[in-house]
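All remarks here apply to the structure that follows.
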Amino acid sequence: MQVVLRKYGNSTVAVLPPSVLNQLGIKAGQPMTLETTADGRIVLAATRRYTLAALPPLSALDTCLCMGASLGVAHGIERGLPPSERRQVVAVIGDGTFFHSGLTPLVDLVYNHAHTLTIVLDNRTTAMTGRQEHPGTGRTLSGEPSAEVSIAAIARAMGIPEVVQTDAYDLPRLGAELDRLLAAPGPSLLVNRGACVLLTRAPQGPVLVVDPVKCDGCRRCLVVACPALALRGSGKAARATVDAALCTGCGFCAAHCDRDAFSPLSGGA
Ligand code: SF4
Ligand code: SF4
């Protein structure tokens with residue numbers, strides 16, 4: 001299935017998973033224009049797992065081609081845009097995919113003076129295929145201790161001037177670093193690290209519950225797109241709820257609630 005994004009002599013083509021096409025209401029072969037964010041940025045995704053972020057409420061991705069393609073496509077768009085339309089392009093890739101097929105296009109980005117910001121979502125595993133080890137985890141596929149290859153060190157060795165590693169749960173610092181890197185002149189790379197909760201099984205805090213009296217169903221907390229959150233009821237009776245079996249206590253939802261409706265589940269983890 002191919003969707004033409006934009007033509008400047010050569011075409012840029014994206015293949016989207018059927019589930020995403022269905023959600024977006026796009027039919028096979030339907031021409032598309034390349035959508036950008038309000039401030040003119042284009043965001044690309046590498047593989048199927050990140051295409052979840054293409055859907056509301058995140059609506060954070062514009063294209064998805066195949067495993068590891070985000071860096072090369074980002075570079076192609078950056079080079080293909082006429083000078084009057086040049087803008088920041090962001091490529092997103094996972095840690096496992098980075099070792100699988102992200103190294104070569106990263107070399108090309110550096111070599112060709114790209115401005116692209118590459119974000120490596122480092123969840124310390126190859127989650128999409130079943131949480132296998134990879135060269136960045138420090139263990140072989142059979143679980144034996146091994147060399148831990150540093151993505152940040154590779155990027156610095158390639159000559160990328162701005163390389164940052166952030167904690168996925170430290171949102172203030174992550175936001176500040178993204179703002180800084182998006183304004184940086186050369187190529188940059190950010191490794192956002194937070195181990196997959198299915199791997200660690202370690203909660204970040206107590207399981208939360210929503211007080212249905214305080215909650216007014218404003219939906220602000222739903223913007224974090226957490227699978228544990230849902231809105232029950234309709235109209236003025238709608239209220240946010242938390243599935244205690246899925247909540248890891250990260251607190252991201254509560255940070256978006258200005259009605260103080262979240263609290264720890266009594267007797268919870
Ligand atoms: S942000 Fe607070 S008030 Fe709004 S829906 Fe979520 S819990 Fe309810
Ligand atoms: S605390 Fe975190 S895991 Fe729990 S419902 Fe809120 S966003 Fe989801």
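Here are some residues: ALA147, ALA157. Which one is without any contact (Cβ under 8 Å) to a residue 24 or more places away in the chain and assigned to a helix (DSSP H, G or I)?
Step by step, each of ALA147, ALA157 is checked, and only ALA157 is without any contact (Cβ under 8 Å) to a residue 24 or more places away in the chain and assigned to a helix (DSSP H, G or I).
Those residues that are farther than 24 Å from GLY205 by Cα and either touching a helix residue (DSSP H, G or I) at 6+ places or on another chain (Cβ under 8 Å) or more than 8 Å from ligand 1 (Cβ to nearest atom) (or both), I need them from segment 233-242; list them, please.
GLY233, SER234, GLY235, LYS236, ALA237 - these are the residues of segment 233-242 that are farther than 24 Å from GLY205 by Cα and either touching a helix residue (DSSP H, G or I) at 6+ places or on another chain (Cβ under 8 Å) or more than 8 Å from ligand 1 (Cβ to nearest atom) (or both).
How many residues are within 9 Å of ligand 1 (Cβ to nearest atom) and farther than 17 Å from LEU171 by Cα when one looks only at segment 243-266?
So the count comes out to 5.
Take segment 205-223 and flag every residue that is β-branched (Val, Ile, Thr) and either more than 10 Å from ligand 1 (Cβ to nearest atom) or touching a Pro at 6+ places or on another chain (Cβ under 8 Å) (or both).
Narrowing segment 205-223 to residues β-branched (Val, Ile, Thr): 207, 209-210, 213, 223.
Selection gives VAL207, VAL209, VAL213, VAL223.
Return only the number of the condition from (1) at pLDDT 95 or above; (2) small (Gly, Ala, Ser); (3) under 30 Å from ALA261 (Cα atoms) that ALA168 does not satisfy.
Result: ALA168 passes all but (1).
Run down CYS226, CYS221 and say which single residue is part of a loop (DSSP other than H, G, I, E, B), closer than 23 Å to LEU52 by Cα, in contact (Cβ under 8 Å) with a residue 24 or more places away in the chain and not assigned by TED's automatic domain parsing to the domain that holds THR126.
CYS226
Considering every residue within segment 187-194, establish whether at least one is within 14 Å of ligand 2 (Cβ to nearest atom) and over 25 Å from ARG131 (Cβ atoms). Please lay out each step first, then the result.
Residues of segment 187-194 that are within 14 Å of ligand 2 (Cβ to nearest atom), as a first pass: 194.
Filter once more, so that each one left must be over 25 Å from ARG131 (Cβ atoms): none.
There is no residue in segment 187-194 that is within 14 Å of ligand 2 (Cβ to nearest atom) and over 25 Å from ARG131 (Cβ atoms).
Across segment 199-218, what is the total count of residues that are under 12 Å from ALA261 (Cβ atoms) and not in a loop (DSSP other than H, G, I, E, B)?
Summing the residues that are under 12 Å from ALA261 (Cβ atoms) and not in a loop (DSSP other than H, G, I, E, B) in segment 199-218 gives 3.
So, in segment 234-269, how many residues would count as being of a type in the set (Gly, Ala, Ser), out of contact with any Lys or Arg (no Cβ under 6 Å at 6 or more places or on another chain) and assigned to a loop (DSSP other than H, G, I, E, B)?
Summing the residues that are of a type in the set (Gly, Ala, Ser), out of contact with any Lys or Arg (no Cβ under 6 Å at 6 or more places or on another chain) and assigned to a loop (DSSP other than H, G, I, E, B) in segment 234-269 gives 10.
Of PRO83, PRO57, which residue is in contact with a Lys or Arg (Cβ under 9 Å, 6 or more places away or on another chain) and either farther than 20 Å from LEU190 by Cα or outside the structural domain of PRO187 (by TED's automatic domain parsing) (or both)?
Every option except PRO57 fails the conditions.
Select, from THR248, THR200, THR166, the only residue that is surrounded by 14 or more Cβ atoms within 10 Å (Cβ to Cβ) and within 11 Å of ligand 2 (Cβ to nearest atom).
THR248
For segment 42-90, which positions are β-branched (Val, Ile, Thr) and at pLDDT 80 or above? Step through it out loud before you land on a result.
Taking segment 42-90 as the starting set, the residues that turn out to be β-branched (Val, Ile, Thr) are 42-43, 47, 51, 63, 73, 77, 89-90.
The answer is THR63, VAL73, ILE77, VAL89, VAL90.
The values are calculated or read from the model by the stated rules, or taken from the named source; none is laboratory data. Keep in mind that what you see is a predicted model, and the values were worked out from it rather than measured. Cβ sites come from the backbone with ideal geometry, for glycine too, and all protein chains shown count toward neighbours.
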